[in-house]
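Everything below concerns the one structure shown next.
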Amino acid sequence: MPGTPAQTTTDAPVPAGFLGPDRNWHLGAGLMTVAATVAFAIWSFTHTGTDVNAFLLILAIAFGLFMAFNIGGNDVANSFGTSVGAGTLTMKQALVVAAVFEVSGAVLAGSSVTETVRSGIVDIGAMHIDPLSFAYIMMAALLGAAVWLLLATRMGWPVSTTHAIIGGIVGAAVTTGAVTGTGGLEMVQWGEIGQIVVSWILSPLLGGVTAYLLFGAIKRHILAPAARAIALGSRGFDDAEDDEDDDEDGADGPEDDSARHVAGYERVSELQQSAFAESAALDLTPGGPGAELAEHASHLSKKERKAARKVERRAAYHALEKRVPPLAAGASVLLAAMLVFKGLKNVGLDLSLGNGVLLLIMLAVGVWMATTVFARALKKQSISRATFIMFSWMQVFTACAFAFSHGANDIANAIGPFAAVLDVLRTGEIGTEAAVPTAVLIAFGVALISGLWFVGRKVIHTVGSGLTAMHPSSGFAAELAAATVVLLASVLGLPVSSTHILIGAVLGVGIVNHAANWKLMRPIFLAWIITLPAAAGIGAVVVLALRAIF
């Protein structure tokens, strides 16, 4: 925006001070985490009784909260990476959205009862071990998965928390079986391991293909006319001044479609074109992304430029008003279905198929009408601003839906094993199911958002800008594509990982823009492969240490 660079250079630098410019946010998140931990520890002792081994319970609490912390730093950061990278949400706004929707998803729709064995990948029941040995396995699985997640997060690698906890359970259980003589590798259900291997390929492939098709359609039918209209502006890409001229000219004027072509436009990369359509401050400096296109547009006469621009402006606003609303309506139906099937399944909603379909139809019609009214209101804005605002709002809703669904489901990777340990310490027995008190859901939800704030930035950078450049439309397409695949995979029972699906969707967007960073993808894919054995190895060492200590 004009004047912004000069203003930035004249402002006095802000002193970093203690903990930097975000000191209050750091202190707030830290104090919230400490308070939740202390309160949860006090509650845990009252819940299990006074005769429990205090040191063992404290370790279990620490391991469980540490796992939730690292889920926030990796898995939640992965989910918010597209929104932050696109500029739709700031890091602080992402924290607030996570605080509200992740915790709400965990508390409102988190499972009230969990299986004692988090994964059916190891036949622990056949080991006939004592309850404390079972508790050691679950604790070791939590720490093994958490340590690997922390290492991956520090490297900026988004990995599957589900695969990590499965690896921790496998390593701890097989090691315990070998030490006690109650089992070994034969306990591992290798068919389940095979499904995990399949997910390494299937998940990103499905996410990538879906995002490629969706974002390709958005670019062709919505972003392209907006980018051409901006390029034809009298002052390069800032079309605000031209809006007044066009209003004065009225609706009548030359609209020869042959004037729409701008020589050399095709030579500008598709990534730049989508950026032009969504950026309020475009770089016109020599060698910058907008310089070439602006130069060719300037060769047209004023009459030719204005005639061509009128056609493109009308096409751009027509796309916002006629093509975006059905897209938003379809997205709302998919996200609502994902919440019902993946997020709200534990609330006790008992909707018949007919009632569910009727509810979704009502939602679609409401969103369609609201988006149409919103698009018409944006006609007073410049093309770039109108496009940016429209897709930014749509991406906010996809981010909120993802956060709620994530809080309702993936936090179980920490809660499941911890609830099993808590139940063993309280009852002294291994139950087939373990109750999950609300206090556990709240405390683990707080740890989740704390992890996002303190260690999630590198993963957010990887997903939001490292793999490809993100803008609101591309971020929206990636999130919607991922939600679609997650929903269909859940219905069809396909072995997929939501983390891998979203990474594939981001790469699909990058392929459309011819800007996918395959070099960065190589270490990420390697991290996917070693997640299970790495967590298993750490879990094996931890379970041996626990057995030696206790």
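The values are calculated or read from the model by the stated rules, or taken from the named source; none is laboratory data. None of these values were measured; they are calculated from a predicted model. All Cβ positions, glycine included, derive from the backbone under ideal geometry; neighbour counts span all protein chains shown. Note: areas computed on protein heavy atoms with side chains; ligands, DNA, RNA excluded. Shrake-Rupley method; radii C 1.70, N 1.55, O 1.52, S 1.80 Å.
Out of everything in the range 525-544 that is among the β-branched types (Val, Ile, Thr) and surrounded by fewer than 24 Cβ atoms within 10 Å (Cβ to Cβ), what residue ends up being nearest to Arg154 (Cα to Cα)? Per the stated criteria, the residue is Ile530. Candidates Ala420, Ala403: the one that is under 13 Å from the mean Cα position of the chain (by Cα), aliphatic (A, V, I, L, M) and open to solvent by less than 10 Å² (accessible area, probe 1.4 Å) is Ala403.
Does Val159 count as of a type in the set (A, V, I, L, M, F, W, C), within 18 Å of the chain's Cα centre (by Cα), modelled with pLDDT of 90 or more and not in a helix (DSSP H, G or I)? In short, yes. Hey, among Ala240, Ala229, Ala251, Ala217, which residue is hydrophobic (A, V, I, L, M, F, W, C) and at pLDDT 85 or above? Step by step, each of Ala240, Ala229, Ala251, Ala217 is checked, and only Ala217 is hydrophobic (A, V, I, L, M, F, W, C) and at pLDDT 85 or above.
Residues in the range 507-528 that are modelled with pLDDT of 95 or more and of a type in the set (Val, Ile, Thr): Ile524 alone. Can you pull out the residues in the range 486-507 that are outside any loop (DSSP other than H, G, I, E, B), open to solvent by 10 Å² or more (accessible area, probe 1.4 Å) and not small (Gly, Ala, Ser)? If the condition is that a residue be outside any loop (DSSP other than H, G, I, E, B), open to solvent by 10 Å² or more (accessible area, probe 1.4 Å) and not small (Gly, Ala, Ser), then Val486, Leu487, Leu488, Val491, Leu492, Leu507 are the ones that fit. What pairs can you find where one residue is in the range 155-167 and surrounded by fewer than 24 Cβ atoms within 10 Å (Cβ to Cβ), the other is among the hydroxyl-bearing types (Ser, Thr, Tyr), and their Cβ atoms are less than 6 Å apart, with a gap of 6+ or different chains? That search, which allows pairs on different chains as well, returns Gly156/Thr462.
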